[in-house]
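Scroll down for the structure; my scribbles are underneath it.
The values are calculated or read from the model by the stated rules, or taken from the named source; none is laboratory data. The shown structure was predicted, so the numbers you read here are calculated from the model rather than taken from an experiment. Glycine gets a Cβ as well: all are built from the backbone with ideal geometry, and neighbour counts include every protein chain shown.
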Amino acid sequence: MPSDSDNNIPAHVAVIMDGNRRWAKKKGLPAAYGHKKGVDTVRVITRAAKQAGIKALTLYAFSCENWKRSVSEVKTLMLLLKKAISSYQKELLENDIALKFSGRIKELPPDIIDTLLQAENKLKNCKSMVLNIALNYGGRQEILDAVNKICAKGVKKITQEELEKNLYTFPLPEPDLIIRTSGEKRISNFLLWQSAYSEFYFSDKFWPDFNAEDLKSALADYAARERRKGA
């Protein structure tokens, strides 16, 4: 999945949105408040990404491991997700932004699945940018699912091209830049295959505090780098 970006503007930016709970804790608030503020940040960064000329924005919203959190927190996250997707469709449509979901979507609650599919269908003809939400996502799980899907077809020898066509994120290009907020410096099972030659940028800000200027700083840092991709 080669990228069509030039040296200055990444075609595909992926973000590990980290720090919602710590942001809330620092302010003496329940975790739910951090997640709600994080949803607001998604809208800000999506608009800023489109204005910057980015063609695909992938956001790590809910990992396969996040089911281990408390029942109440998972329930809050699912409710926020459903509400956000429902209310955000009009703005995405007005801005010509398509919506895609990557992960084990079929394992989500039925009402959530219905909401996601309806939103994807409504926005399928938008061309300016793709907002890809990684939901119930895990990089290892993605590779395993792709291999099992190919094997089920009776393929004897798996090529790189065949595997890539069966990843959750297909047909998006590989991410040129991966941003992680909150000061943590690890990949956390995110886009393991796709990030082989990605550039990384780490911000000390919690996700709810990350803004358009912070995205600009990340893009400026990216533009100053020389990408060799192993050459």
Check the stretch 196-211 and report whether any residue there is without any contact (Cβ under 8 Å) to a residue 12 or more places away in the chain and surrounded by 13 or more Cβ atoms within 10 Å (Cβ to Cβ). no
Residues located in the stretch 156-169, provided they are surrounded by 14 or more Cβ atoms within 10 Å (Cβ to Cβ) and in a loop (DSSP other than H, G, I, E, B): ASN166, LEU167, TYR168, THR169
Can you name the helices (runs of 4 or more DSSP H) wholly within the stretch 1-120 that have at least 3 residues being surrounded by 19 or more Cβ atoms within 10 Å (Cβ to Cβ), at pLDDT 95 or above and small (Gly, Ala, Ser)? 31-52
State which residue is nearest to VAL39 (Cα to Cα) when the search covers only the stretch 89-141 and only residues that are of a type in the set (S, T, N, Q) and without any contact (Cβ under 8 Å) to a residue 24 or more places away in the chain. GLN118
Here the residues within the stretch 170-195 that are crowded, with 20+ Cβ neighbours inside 10 Å and either among the hydrophobic types (A, V, I, L, M, F, W, C) or in a loop (DSSP other than H, G, I, E, B) (or both) are LEU172, GLU174, PRO175, ASP176, LEU177, ILE178, ILE179, THR181, SER182, PHE190, LEU191, GLN194
Can you tell me how many residues in the stretch 104-119 are charged (D, E, K, R) and either farther than 19 Å from LYS149 by Cβ or in contact with an Asp or Glu (Cβ under 7 Å, 6 or more places away or on another chain) (or both)? 2
Qualifying residue in the stretch 196-219 (condition: touching a Pro at 6+ places or on another chain (Cβ under 7 Å) and in a loop (DSSP other than H, G, I, E, B)): yes
Condition check: within 26 Å of VAL44 (Cα to Cα) and not small (Gly, Ala, Ser). Does ASN132 satisfy that? yes
